[in-house]
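Participant: Below are the structure tokens for one structure; questions will follow.
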Amino acid sequence: MTKAVLGIIGGSGIYDLPGLENVREERVHSPWGEPSGALRIGDIAGLPVVFLARHDKGHRLSPSDINYRANIDALKRAGVTDLVSLSACGSFREDMPPGTFVLVDQFVDRTHRRESSFFGKGLVAHVSMAHPVSPRLRDRIAAAAVAEGIEPKIGGTYICMEGPQFSTYAESMTYKQLGYSVIGMTNMPEAKLAREAEICYATVAMVTDFDCWHPEHDAVTVADIVKVLLGNADLAKRLVARLARDFPREHEACPIGSDRALDNALITQPEARDPELIRKLDAVAGRVLGKR
Ligand SMILES: CSC[C@H]1O[C@H](OP(=O)(O)O)[C@H](O)[C@@H]1O
Ligand SMILES: Nc1ncnc2[nH]cnc12
């Protein structure tokens, strides 16, 4: 049996988790570089919870500057089994106006200047991303949301753009016509890396705006986003408190195998593996490399 440890990545507007008790700050040194900031490690109602502010305190880091590999590696080292991403996003759907919490089930990755894998030369691995969100974790988030009086939208596609500029009108119209639901700048490669690290991952995409496609709304600005963000952030913190209270204390096996994603993913023969890369993978792939 593995002990459940809930990880929370706070996005824009979420730089702290007030309900966290017995907190200690830990600066984890990762072989993948510097995480966004110190981990805040504590518990909520007895459940171990680890919080990381994606953009760091004061929103110091832009989406392209975040070291996603170091963040996921640090969370893995802290024992995180289940990871919830709290993320601001724009919406392409009338039925998902600002204030809506969308529990997305798909991602499209349009980022192009980020390290997106722990693997590569010296140890090649191909994990499945067909179903990037862990359904059981998402169901638990949905139940916690409902218990807090939030009516989440279940399912949707989050397109991740590079940013930091918002989309052009033509891009926004294209994404809408392609049937995507929401847009943000951070959940990729985060979700890919969580999968490689065998951490169950789910996103609460909190709508702050209609991007720029909507004929009756002005193009998005940071000032508008911040206004909506603060309300969303308060609700998100309540959601997390409820989720933690009701979370099982033993990690539940993921029905789609997110927590065993490396079982059939490594293709490089043992004799062709790079010992230096294997060393760096001690946390992420320790289960299959025999390091943990
Ligand atoms: C402040 S608006 C744009 C910014 O907000 C979102 O961040 P996060 O996903 O960390 O909540 C979006 O992805 C952009 O980084
Ligand atoms: N419209 C938008 N585009 C990209 N990221 C966002 N984050 C919040 N709103 C966004």
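Just so you know, all these numbers are worked out from the coordinates, no wet-lab data involved. As the structure is a prediction and not an experimental result, all values here were calculated from the model. Quick reminder, even Gly has a Cβ in these numbers, built from the backbone with ideal geometry, and neighbours come from all protein chains shown.
Participant: Note down the nm distance, to one decimal, between modelled labels 7 Å out along Cα→Cβ at ASP274 and at LEU61.
Facilitator: 2.2
Participant: While we're here: What is the sum of charges around PRO98, taking Lys and Arg as +1, Asp and Glu as -1, for the other residues whose C-beta is under 14 Å from the C-beta of PRO98?
Facilitator: Taking every Cβ under 14 Å from that of PRO98, the sum is -4.
Participant: Can you sort ILE225, ILE154 from fewest to most other Cβ atoms within 10 Å of each residue's own Cβ?
Facilitator: ILE154, ILE225
Participant: Across the chain, how many lysine pairs, 8 or more positions apart or on different chains, have C-alpha atoms separated by under 15 Å? Please give the number.
Facilitator: 6
Participant: Looking at segment 57-155, which GluC sites (Glu not before Pro) are in a loop (DSSP not H, G, I, E or B) and have at most 11 other Cβ atoms within 10 Å?
Facilitator: Counting only loop positions with at most 11 other Cβ atoms within 10 Å, the GluC sites (Glu not before Pro) in segment 57-155 are GLU94.
Participant: So, one more: Among LYS227, LYS237, LYS153, determine the one that fluctuates most according to a GNM of the chain built with springs between C-alpha atoms less than 10 Å apart.
Facilitator: With Cα springs under 10 Å in the chain, the top fluctuation among LYS227, LYS237, LYS153 is at LYS227.
Participant: Could you give the DSSP H helices of the chain that reach 20 angstrom or more along their long axis (alpha carbon positions) and whose average Kyte-Doolittle hydropathy is no lower than -1.0?
Facilitator: 222-246
Participant: Something else about it: How do LEU123, LEU137 rank when sorted from fewest to most other Cβ atoms within 10 Å of their own Cβ?
Facilitator: By the 10 Å Cβ count, ascending: LEU123, LEU137.
Participant: Exposure proxy check: TYR201, TYR169, TYR175, TYR180 ranked by fewest other beta carbons within 10 Å?
Facilitator: Sorted ascending by nearby Cβ count, the order is TYR169, TYR180, TYR175, TYR201.
Participant: A further question follows. Checking a compactness column here: for segment 11-169, what do you get for Rg(Cα) / (2.2 N^0.38 Å), N being the number of residues?
Facilitator: With N residues counted in segment 11-169, Rg over 2.2 N^0.38 Å equals 1.10.
Participant: How long are the semi-axes of the ellipsoid equivalent to the chain, from square roots of 5 times the Cα gyration tensor eigenvalues, in whole Å, largest first?
Facilitator: 30, 22, 18
Participant: Pick out which of GLY11, GLY179, GLY37 has the largest mean-square fluctuation in a Gaussian network model of the chain, springs linking Cα atoms closer than 10 Å.
Facilitator: GLY179
Participant: So if R0 is 41 Å, what FRET efficiency would MET1 and ALA219 give, r being the distance between their Cβ atoms, rounded to the nearest 0.05?
Facilitator: 0.20
Participant: Can you give the Rg and Dmax of segment 79-203 based on its C-alpha atoms, in angstrom?
Facilitator: 15.1, 49
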